[in-house]
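Peer 1: One structure coming up, written as structure tokens, with questions to follow.
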Amino acid sequence: ADLLYLFYKIVLIFVYTFFGEKEHEWYVSLVVFAGASLCYWKFITIKPYYNQTVTTFWTMLLGLYLWTSFCLVLIKALQNHDFTSGFVVWAVGMPIVAGVLVTY
């Protein structure tokens with residue numbers, strides 16, 4: 001799981017470097033969401049740490065990152081409509097997602 005996460009960081013460096021223009025925003029958003037989903041899924045299925053506190057911390061960290069990338073894709077999909085409360089959706093969802101992941 002750690003190796004996948006490091007590979008994902010390298011992929012993001014390349015994506016942000018070569019696809020940083022405005023016309024490539026959808027590609028960047030989808031790569032971020034797909035990578036966050038894959039890292040979260042691999043981490044909760046493998047559970048690479050033996051310490052429960054560290055596992056809970058990393059699960060919550062990756063879950064919040066997945067929530068943030070989901071909100072990014074959602075706000076990107078609704079950018080042409082009259083939707084101006086993307087930050088509110090993200091901010092209200094953060095404690096809910098953190099609470100669910102801590103009890104998981």
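Peer 1: Would you mind finding the one in LEU66, LEU62, LEU101, LEU78 that is modelled with pLDDT under 90 and under 30 Å from HIS24 (Cα atoms)?
Peer 2: Being modelled with pLDDT under 90 and under 30 Å from HIS24 (Cα atoms) holds for just one of LEU66, LEU62, LEU101, LEU78, which is LEU78.
Peer 1: Another question about this same structure. Go through the range 7-29 and count every residue that is open to solvent by less than 90 Å² (accessible area, probe 1.4 Å) and among the charged types (D, E, K, R).
Peer 2: Count: 2.
Peer 1: May I pose another question? Working only within the range 9-27, note down all residues that are touching a helix residue (DSSP H, G or I) at 6+ places or on another chain (Cβ under 6 Å) and within 27 Å of THR59 (Cα to Cα).
Peer 2: VAL15
Peer 1: Right, next: Looking only at the range 1-47, which residues are without any contact (Cβ under 8 Å) to a residue 12 or more places away in the chain and within 16 Å of the chain's Cα centre (by Cα)?
Peer 2: Within the range 1-47, LEU6, PHE7, LYS9, ILE10, ILE13, ALA34, TRP41 meet the criteria.
Peer 1: Examine the range 35-45 for a residue that is outside any helix (DSSP H, G or I) and open to solvent by 50 Å² or more (accessible area, probe 1.4 Å), and state whether such a residue exists.
Peer 2: Taking the range 35-45 as the starting set, the residues that turn out to be outside any helix (DSSP H, G or I) are none.
No, that holds for no residue.
Peer 1: Just one of the numbered conditions (1) out of contact with any helix residue (DSSP H, G or I) (no Cβ under 7 Å at 6 or more places or on another chain); (2) at pLDDT below 90; (3) open to solvent by less than 50 Å² (accessible area, probe 1.4 Å) is not true of PHE87; which one?
Peer 2: Among (1) out of contact with any helix residue (DSSP H, G or I) (no Cβ under 7 Å at 6 or more places or on another chain); (2) at pLDDT below 90; (3) open to solvent by less than 50 Å² (accessible area, probe 1.4 Å), the lone unmet condition for PHE87 is (3).
Peer 1: Of all the residues that make up the range 48-72, how many are in contact (Cβ under 8 Å) with a residue 40 or more places away in the chain and open to solvent by 60 Å² or more (accessible area, probe 1.4 Å)?
Peer 2: Qualifying residue count for the region: 1.
The values are calculated or read from the model by the stated rules, or taken from the named source; none is laboratory data. What you see is a predicted model, and the numbers here were worked out from it, not measured in a lab. No Cβ is skipped: glycine too gets one built from the backbone with ideal geometry, and neighbour counts run over all protein chains shown. Side chains are part of the model used for accessible areas, which takes the heavy atoms of the whole protein and leaves out ligands, DNA and RNA. Shrake-Rupley method; radii C 1.70, N 1.55, O 1.52, S 1.80 Å.
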